[in-house]
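The values are calculated or read from the model by the stated rules, or taken from the named source; none is laboratory data. As the structure is a computational prediction, the values presented were derived from the model and not from experiment. Please note: Cβ atoms are built from the backbone with ideal geometry, for glycine as well, and neighbour counts cover all protein chains shown.
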């Protein structure tokens, strides 16, 4: 599966990929602008979106993707309940908080299944 992981903490993202997402092709970008740019040249099966990003809040990205009509599966992956709730209100399909990342594969299977 190809995953766009929108996360601005490089070390955290690298650990998540190593521990939980190694079987997937993962592209990490730290910003809304970076996510929008890479999506113009690459197709992804799934987006993991954090709330606090370098250039804004992740819910703005989710709203923009949904407004475009794109039905890509989006999973909210904030460490804060409020951030995850905002991502879901914006159109994310599911939540996997950062403290529950050991369950990310089950969440992916449930929403992409």
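Please work out which residue is nearest to the chain's Cα centre (by Cα), limiting yourself to the range 42-89 and to residues that are touching a residue at least 40 places away in the same chain (Cβ under 8 Å) and over 17 Å from residue 30 (Cβ atoms).
46
Within the range 2-23, work out how many residues are surrounded by 14 or more Cβ atoms within 10 Å (Cβ to Cβ), closer than 22 Å to residue 111 by Cβ and touching a residue at least 24 places away in the same chain (Cβ under 8 Å). Outline the logic, then answer.
We begin by selecting, within the range 2-23, every residue surrounded by 14 or more Cβ atoms within 10 Å (Cβ to Cβ); these are 3-9, 12-13, 16-17, 20-21.
Cutting the leftovers down to closer than 22 Å to residue 111 by Cβ gives us 3-7, 12-13, 16-17, 20-21.
Now restrict to residues that are touching a residue at least 24 places away in the same chain (Cβ under 8 Å): 3-7, 12, 16, 20-21.
The number of residues fulfilling the criteria is 9.
In the range 97-111, which residues are under 15 Å from residue 5 (Cα atoms), in contact (Cβ under 8 Å) with a residue 24 or more places away in the chain and touching a strand residue (DSSP E or B) at 6+ places or on another chain (Cβ under 9 Å)?
First, the residues of the range 97-111 that are under 15 Å from residue 5 (Cα atoms): 97-98, 101, 104-105, 107-108.
The next check asks that each one be in contact (Cβ under 8 Å) with a residue 24 or more places away in the chain; those that pass are 98, 101, 104-105, 107-108.
Across the range 97-111, the qualifying residues are 104, 107, 108.
For the range 69-105, enumerate the residues that are closer than 14 Å to residue 35 by Cα and surrounded by fewer than 14 Cβ atoms within 10 Å (Cβ to Cβ).
Listed by number, the list holds a single entry, 70.
Can you find a residue in the range 22-38 that is modelled with pLDDT under 95 and either on the phi > 0 side of the Ramachandran plot or within 13 Å of the chain's Cα centre (by Cα) (or both)?
No; the residues of the range 22-38 include none that is modelled with pLDDT under 95 and either on the phi > 0 side of the Ramachandran plot or within 13 Å of the chain's Cα centre (by Cα) (or both).
Take residue 70 and decide whether it is modelled with pLDDT under 95 and more than 20 Å from residue 16 (Cα to Cα).
Values: modelled with pLDDT under 95: yes; more than 20 Å from residue 16 (Cα to Cα): yes.
So residue 70 fits the description; yes.
Determine, yes or no, whether residue 108 is closer than 20 Å to residue 14 by Cα, at pLDDT 95 or above and crowded, with 20+ Cβ neighbours inside 10 Å.
On the way: closer than 20 Å to residue 14 by Cα: yes; at pLDDT 95 or above: no; crowded, with 20+ Cβ neighbours inside 10 Å: yes.
No; evaluated as a whole, the condition is false for this residue.
Just the residues that are more than 20 Å from residue 92 (Cα to Cα) and assigned to a helix (DSSP H, G or I), please, taken from the range 5-19. Full working, then the answer.
In the first step, residues of the range 5-19 are kept if they are more than 20 Å from residue 92 (Cα to Cα); the result is 9-12, 14-15, 17-19.
The answer is 10, 11, 12, 14, 15, 17, 18, 19.
Can you tell me how many residues within the range 52-64 are in contact with a strand residue (DSSP E or B) (Cβ under 7 Å, 6 or more places away or on another chain) and surrounded by fewer than 24 Cβ atoms within 10 Å (Cβ to Cβ)? Let's see the steps before the verdict.
Just the residues of the range 52-64 that are in contact with a strand residue (DSSP E or B) (Cβ under 7 Å, 6 or more places away or on another chain), to begin with: 53, 58, 61-62.
Those still in the list that are surrounded by fewer than 24 Cβ atoms within 10 Å (Cβ to Cβ) too: 53.
Within the range 52-64, residues that are in contact with a strand residue (DSSP E or B) (Cβ under 7 Å, 6 or more places away or on another chain) and surrounded by fewer than 24 Cβ atoms within 10 Å (Cβ to Cβ) number 1.
Which count do you get for residues in the range 24-41 that are part of a strand (DSSP E or B) and touching a helix residue (DSSP H, G or I) at 6+ places or on another chain (Cβ under 7 Å)?
First, pick out the residues of the range 24-41 that are part of a strand (DSSP E or B): 25-29.
If we keep only those that are touching a helix residue (DSSP H, G or I) at 6+ places or on another chain (Cβ under 7 Å) too, we end up with 26-29.
Number of matching residues: 4.
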